[in-house]
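*Asks:* My questions all concern the structure below.
Taken together, the values in this text are just the output of simple stated rules run on the coordinates, not laboratory data. These figures come from a predicted structure and were not determined experimentally. Ideal geometry is used to build each Cβ from the backbone, glycine not excepted, and the neighbour counts take in all protein chains shown.
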Amino acid sequence: MKRSILQVPIKAELRSLAEEKADRLGFSSVQEMVRVILTQLTKEKEVKIDDICRKYGINYLGLFGSMARGETREDSDVDLLVKFDGKSNIGLFELDRVQRELEMRYGRKVDLVTKINKYIEPSVMKDLKTIYER
C-alpha cells in the first residue's frame with residue numbers, strides 16, 4: 001500500500017485536546033487515532049459481492065495476497081479463493097463469467113483460485129480473509 005502523509009494545521013489547544021482524547025481511547029498517538037477514523041470512514045466503499053455469490057452458488061469467497069495484507073498498490077490484482085456449493089454446475093465458462101463480474105465490481109484484475117497448491121497453502125492461509133460465506 002502506498003503511504004502518504006496528511007498534514008493539517010491546527011491550533012495548539014485543539015492539538016492538546018486531540019492528544020488527550022487519543023490517550024484516553026488508548027491510541028499511541030493522534031496520528032494513529034486519525035488513521036483509524038479514516039479507515040472506518042473508507043469502509044463504506046467496500047465492494048459488495050453478495051449478489052454475485054448468490055447468482056453463481058458460491059459458498060465461500062476469501063481474499064488473500066497483497067490486498068488481504070493491506071499492501072495494495074495501484075497495479076495490484078485481487079486474489080480470491082472461491083468455493084461453490086455442490087449443486088452448482090460450474091465449468092470453465094461460468095468461472096470466467098464470475099471472474100469478469102468480480103473484475104467489474106472491483107475495478108481491477110481478479111485472480112480466482114478454486115484449489116490451493118499444497119506448497120503455497122501455508123502462506124495463503126496466513127493471509128486469508130473471509131469476505132463472503134453462506
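*Asks:* Rounded to the nearest 5, what is the percent of antiparallel bridges among the DSSP beta bridges in the chain?
*Replies:* The answer is about 70 percent antiparallel.
*Asks:* Where the only charges are on Cβ atoms (+1 Lys, Arg; -1 Asp, Glu), what is the dipole of the range 49-133 about its Cα centre, to the nearest 20 debye?
*Replies:* Approximately 200 debye in magnitude.
*Asks:* What are the principal axis extents of the Cα atoms in the range 49-133, in Å, biggest first?
*Replies:* For the range 49-133, the Cα spread along each principal axis is 34, 29, 21 Å.
*Asks:* Which one, Gly26, Gly65, Leu80, projects farthest toward the positive side of the charge dipole computed for the range 20-134 from Cβ point charges (K/R +1, D/E -1)?
*Replies:* The residue sitting most towards the positive pole is Leu80.
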